[in-house]
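The values are calculated or read from the model by the stated rules, or taken from the named source; none is laboratory data. Keep in mind the model is a prediction, meaning the values are calculated, not measured. Here the Cβ positions follow ideal geometry from the backbone for every residue, glycine too, while neighbour counts run over all protein chains shown.
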Ligand SMILES: *Cc1c(COP(=O)(O)O)cnc(C)c1O
């Protein structure tokens, strides 16, 4: 059977039930954007909503806007908009701070819930900030605490009764390999460990059911698949039943039961607001809300089906067109075991990605040798995938990547 042609891809786009969502995003002419897994595209309505927030709410409303424009409620209001996307209820998700800071707060709260144990179990090669934060937490908690990092295939064996918390990223940032969340959570619970799931590469990439998986806690970025904008605050899930015993360490005034009573002693809010620390990042929250209002219209099962099809198509095209050029698939071939990205290893990966970007195909490079392509089904078309594979083929066939200009590394890769 021959590989799909451009016309085949045009036909797939014509029949795509999600095709109209592409109009909701600003996409620069001449760019094939396959990096929405790192920074999602700008929703068109985010621009006008931020203009309004700046000119009206900030410019005219000034401090009155905390009440009049509902600024004070944005962390919980947006949490409630994310909740159905991850299979949990209203009042169980809040938006605040960064993923790094939230992981710190979650880890310490979870360790306190299992105070006779000393081990945080993690996967080696997880996203560095997760590993670094966990090491910092173990350090802070005391000499007998340990952040144990094990290879993927040793996680199950390492789950024993010394483990206080199993903290894993559901979809690996480099390879796109996906964990069995329900299975691992069950195993963790059977030895008395709590689980923290990082959903940075999951939320907005597929439907997920945290409640069914019985995940204890979860968190994730909003600036990747969720299109919340650069540096948009992260989300955190704390089930209602856990909230009364959940004690996070950054006990700022916004997490107080009565922030505006200005009393000296800290008393945490009775609900998810106890996860807050300081003043929320209003302009970023306004942009994120614009995106979440697009997401509210999306059928996540259709999203997942298209995501898997885009990834399968890319693998098929690259393996057919670029055979013999040294690419080794680094992602699971089975789409059901993969997130919404496809990665290949290549020893000249950095220069190849720079050559692609110079030709308008934007993916990214992850050291030491991974070229990574993210598929965001709301605005990525089948023809985009076809085009990316064609440009990659051309760059390899002409050795266009092989110049000193493409070997020089920038600060952000
Ligand atoms: C993107 C990502 C982060 C980023 O954390 P920040 O605090 O927003 O910089 C953390 N963990 C994982 C798994 C990620 O993919």
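Please state which one of 107, 74, 111 is within 16 Å of the ligand (Cβ to nearest atom), in the same structural domain as residue 289 (by TED's automatic domain parsing) and at pLDDT 95 or above.
Numbers: 74 fails: within 16 Å of the ligand (Cβ to nearest atom); 111 fails: within 16 Å of the ligand (Cβ to nearest atom).
Testing whether each residue is within 16 Å of the ligand (Cβ to nearest atom), in the same structural domain as residue 289 (by TED's automatic domain parsing) and at pLDDT 95 or above leaves just 107.
Just checking: which of the strands (runs of 3 or more DSSP E) contained wholly in segment 79-174 hold 1 or more residues that are free of Cβ contacts under 8 Å to residues at least 24 places away in the same chain?
none
Taking the condition at pLDDT 95 or above, within 18 Å of the chain's Cα centre (by Cα) and surrounded by fewer than 21 Cβ atoms within 10 Å (Cβ to Cβ), does residue 296 pass?
So residue 296 passes the test.
Which pairs have Cβ atoms under 6 Å, sit 6 or more apart or on different chains, and link a residue in segment 230-247 that is in the same structural domain as residue 98 (by TED's automatic domain parsing) and under 30 Å from residue 39 (Cα atoms) to one that is more than 16 Å from the ligand (Cβ to nearest atom) and assigned to a loop (DSSP other than H, G, I, E, B)?
What qualifies is 237/88; 237/92; 238/246; 239/92.
Could you pull out the residue among 88, 163, 171, 101 that is within 16 Å of the ligand (Cβ to nearest atom), buried (at least 19 other Cβ atoms within 10 Å of the Cβ) and at pLDDT 95 or above?
171
Kindly indicate whether residue 332 is at pLDDT 95 or above and in contact with a strand residue (DSSP E or B) (Cβ under 7 Å, 6 or more places away or on another chain). Lay out the reasoning, then the answer.
Working: at pLDDT 95 or above: yes; in contact with a strand residue (DSSP E or B) (Cβ under 7 Å, 6 or more places away or on another chain): yes.
It is true that residue 332 is at pLDDT 95 or above and in contact with a strand residue (DSSP E or B) (Cβ under 7 Å, 6 or more places away or on another chain).
Looking only at segment 14-31, which residues are more than 22 Å from the chain's Cα centre (by Cα) and either buried (at least 17 other Cβ atoms within 10 Å of the Cβ) or more than 20 Å from residue 391 (Cα to Cα) (or both)?
Answer for segment 14-31, where residues must be more than 22 Å from the chain's Cα centre (by Cα) and either buried (at least 17 other Cβ atoms within 10 Å of the Cβ) or more than 20 Å from residue 391 (Cα to Cα) (or both): 14, 15, 16, 17, 19, 20, 23.
Which residues, counting only those in segment 77-101, are under 17 Å from residue 300 (Cα atoms) and in contact with a strand residue (DSSP E or B) (Cβ under 8 Å, 6 or more places away or on another chain)?
Listed by number, the residues that qualify are 80, 82, 83, 85, 86, 88.
Is there a residue being surrounded by 13 or more Cβ atoms within 10 Å (Cβ to Cβ) and within 23 Å of residue 305 (Cβ to Cβ) anywhere in segment 43-61?
Scanning segment 43-61 turns up at least one residue that is surrounded by 13 or more Cβ atoms within 10 Å (Cβ to Cβ) and within 23 Å of residue 305 (Cβ to Cβ).
Within segment 185-213, count every residue that is within 16 Å of the ligand (Cβ to nearest atom) and within 19 Å of residue 157 (Cβ to Cβ).
Matching residues across segment 185-213 total 1.
I'm trying to understand the selection: among the residues of segment 330-362, which are farther than 26 Å from residue 178 by Cβ and within 18 Å of the chain's Cα centre (by Cα)?
Scanning segment 330-362 gives no hits.
Quickly run through segment 214-238 and pick out the residues that are away from the ligand (no atom under 16 Å from the Cβ) and surrounded by fewer than 20 Cβ atoms within 10 Å (Cβ to Cβ). Quick ask: steps written out before the conclusion?
So the first thing to find is which residues in segment 214-238 are away from the ligand (no atom under 16 Å from the Cβ), and the list is 214, 216, 238.
If the condition is that a residue be away from the ligand (no atom under 16 Å from the Cβ) and surrounded by fewer than 20 Cβ atoms within 10 Å (Cβ to Cβ), then 214 is the only one that fits.
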